[in-house]
Amino acid sequence: MGGEVRLVKLVKQFGSFSAVDGINLTIPAGTFFSLLGPSGCGKTTTLRLVAGFEQPTSGEVLLDGVDLAGTPPNKRNVNTVFQSYALFPHLKVFDNVAFGLRRAGVDRAQITRRVGEILDQVQLSRFASRKPAQLSGGQQQRVALARALVLKPAVLLLDEPLGALDAKLRRQLQLELKALQEQVGITFFYVTHDQEEAITMSDQIAVMNSGHVEQVASPREIYEEPSTAFVADFLGVSNLIEAQATGPSGDGVALQLGPGITVEADRGDVAARGAVKVVIRPERIRIEPEGATGTNRVAAVVTRSVYLGNGARVIMQLVTGQSIVALAQNADDDDAPTWSPGVRVTCSIPPAAIRVLPVGAPRSDQPVSAP
Amino acid sequence: MMILRGVGRASLALYYWAFIVFLFAPLVVIVVFAFNKSSTPVLPIAAFSTRWFELAFANTQLTGALVRSAAIGVATGLFATALGIMSSLGLSASRLRLRAFVVAILLLPLVVPYISLAVGLLILLNELGLQISLWAVFLGHVVIALPFSILVVLPRLRSLDPALVEAARDLGSGEVSAFNLVTLPLLVPSLVSSFLICFITSFDEFAIASFLAPPGLPTYPVFLYAGSRTPALLPELIAIGSIIIVASLVIVVMAEGGRRWAEQRLIGQTAPAAENVSMLASDA
């Protein structure tokens, strides 16, 4: 059914500022693809370039292989769900949803049928004759979705559509959106700054930073194997540590964390040597009693611990001076240790939990192909 | 302390009522003397009478002037509002060079004395070899009404979410159809206000009309000014004046009521927050 979007060396400048700075990206047909990044990274501009609200300074936007340059927004087979929803306040819900069908000259009977179907699908049938101002935020969001989907576009563009909703409703709608995408099979191109949202819903995520793409991968890969310090940091990795890669060790590389303290790292760029940055997932670190021995163990002192309900976030200072965060699960037995500040412990960090980031992050000016 | 507060409150009340009297006493005087049987507007009131109204409406010169002013007022209201929409669209464009300069030019008639504008228009007409006419009065009134229209329409236009037009474009509208289907309907309340303000501006205007209205075809303010020097005509002018005062009051009240009604119809009643929450809960 089509719906593959390709961005080729896409550049958008506003004056001397490059909002989008040479993006190469392929959004496979029928996938839920998220563009994730902090505000001002160019993700919304990228979406607007695909919608046709902005014209690229250079580069191409291809929809199923056809360059969209010069095609106005009303002639593109893509539709947008706006961050503000942009529902027409003077039209009833029914007329909002029927707006696009009427512009396309669809006959009355078919409009009534198709609008009825889509309103059923988003459970808003009984609100058809209300004005948008008479609906709650979540309902307005679904009208915006129905209004775009009723046209059966090749690609649906979503610009932070859940941003204005409260956390509980947002989580519910995340699941609904994902289910809806799987049901209709349309390509969803989703822009968000919320990493949890992107990870929950996406088939593929592209992480953007100041106009370029840092990494394109599946949610799991983005989370487990961030390829740059920016991605690791943005995805909420608490432990981004500097170390010296000194030479091979086992299957990986020997990392010197401080004088006389060396651990083995098996993940990431194990061929790197010299000063490197490493990422350690908090949930992979085991906290053992003081004096526990073995490889990849480092003495530490608890500086703080935060109760999280299903576990605890324990912040420790390694003997080498770095601060490190571990997620400790609640133990079943009552005499499980408590991690009060000042308690001396040993951090056990498996080699497979330490990921060495490549020196010199890959930039988007090298073609990035989506797997 | 209590006494001081009492004095303060009393003087505030005194100031308030003095202000009200200052504003409305002249209007009340007009309405009262309109029904006075005596042909001179002096106290005491001789007797109640409606004969000045009958005489005024029988005076074709007077009613002719009223009709001319009303017609020019309506035409000015429509034309200046149309120009006001276009100017506002231009001024709200994202990329406009010399925006401050364009705004200054468009709003200039607000600060230029009407008499200077009138003289300028008169000289311009002469140079173009055209006669003074009611058309010239109409054009002059459009010039002075346009700034008022812009000042009413532009803020409304700026308050609209730019994404609304983008949404219309996204859903298949061309630029013109997006304007007609989305922007224009949402501007309606401000267009009604603009029309009324432009109408009143034209209806009241004396300086331009006195220079540009041809002899024998005065607008109402011009006729009024000339007639006020004819003592015999004064009671009739007072009678018409009282009708205009009441009509103005009705228009102002209707305009505000109409604006609210239009807004209500346009956007729909906003459900209270509590109702929203319960709707959501039953829906989830």
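Here are some notes:
- Region B:177-270 - percent relative contact order, Cα under 8 Å, separation 6 or more: 34 percent
- Using distinct alpha-carbon pairs, which all enter the 1/r mean, Kirkwood radius of region A:23-118 in Å: 15.8 Å
- Measuring how big region A:74-177 is from its alpha-carbon positions, Rg and Dmax come out at 13.0, 40 Å.
- Over region A:1-143, Cα pairs under 8 Å with separation of 6+ residues give a relative contact order of 20 percent.
- Gyration tensor (alpha-carbon) shape descriptor, region A:191-282, a/c threshold 1.5: prolate
- The mean number of partner chain beta-carbon atoms within 10 angstrom of a residue's beta-carbon across peptide B:170-182 is 6.
- Proxy reagent accessibility, fewest Cβ within 10 Å first, across A:Arg267, A:Arg113, A:Arg102: A:Arg113, A:Arg102, A:Arg267
- Label point 7 Å beyond Cα of A:Val66 along Cβ direction - residues of region A:117-154 with amide nitrogen under 15 Å: A:153-154
- Average other protein chain Cβ within 10 Å of Cβ, residues A:283-289: 0
- Relative frequency of Cα-Cα separations exceeding 24 Å in region B:52-151, percent: 39 percent
- Per-peptide average of other Cβ atoms within 10 Å, ordering A:56-64, B:228-236 highest first: A:56-64, B:228-236
- Diffusion of chain A by Stokes-Einstein, at 25 °C in a medium of 0.890 mPa s and with Rh set to the Kirkwood radius over alpha-carbon pairs, works out to 106 µm²/s.
- Ellipsoid equivalent to region B:1-123 - semi-axes via the Cα gyration tensor, in Å: 42, 33, 13
- In terms of Cα atoms, the Rg and Dmax of region A:119-216 work out to 14.3, 46 Å.
- Share of pairwise Cα separations in region B:50-283, more than 22 Å, in percent: 63 percent
- As an equivalent ellipsoid, region A:231-274 spans semi-axes of 20, 13, 8 angstrom, where each value is the square root of five times an eigenvalue of the C-alpha gyration tensor, largest first.
- Across region B:181-188, coupling constants 3J(HN,Hα) worked out from phi with the 6.51/-1.76/1.60 Karplus curve, θ = phi - 60°, read 8, 10, 5, 4, x, 6, 8, 3 Hz, and Gly and Pro carry x.
- Size estimate for region B:86-128 follows the Kirkwood approach: the inverse of mean 1/r over distinct Cα pairs works out to 12.3 Å.
- A simple rule links phi to the HN-Hα coupling: the Karplus curve 6.51 cos²θ - 1.76 cosθ + 1.60 with θ = phi - 60°, which for region A:224-232 gives 7, 10, x, 9, 9, 4, 5, 4, 4 Hz, with x for Gly and Pro.
- Straight Cα distances below 28 angstrom link A:Lys178 to the lysines A:Lys43, A:Lys75, A:Lys92, A:Lys131, A:Lys152, A:Lys168, with same-chain residues fewer than 8 positions distant left out.
- Dimensionless Rg ratio for the protein assembly as shown, taking C-alpha atoms and the 2.2 N^0.38 Å reference: 1.42
- Chain A: relative contact order in percent, alpha carbon pairs under 8 Å with at least 6 residues between: 17 percent
Since every read-out is calculated from the coordinates, none of them should be taken as a lab result. Because the structure is a prediction, the values reported are computed rather than measured. Heads up, the Cβs are rebuilt from the backbone with ideal geometry, glycines too, and the neighbour counts pull from every protein chain shown.
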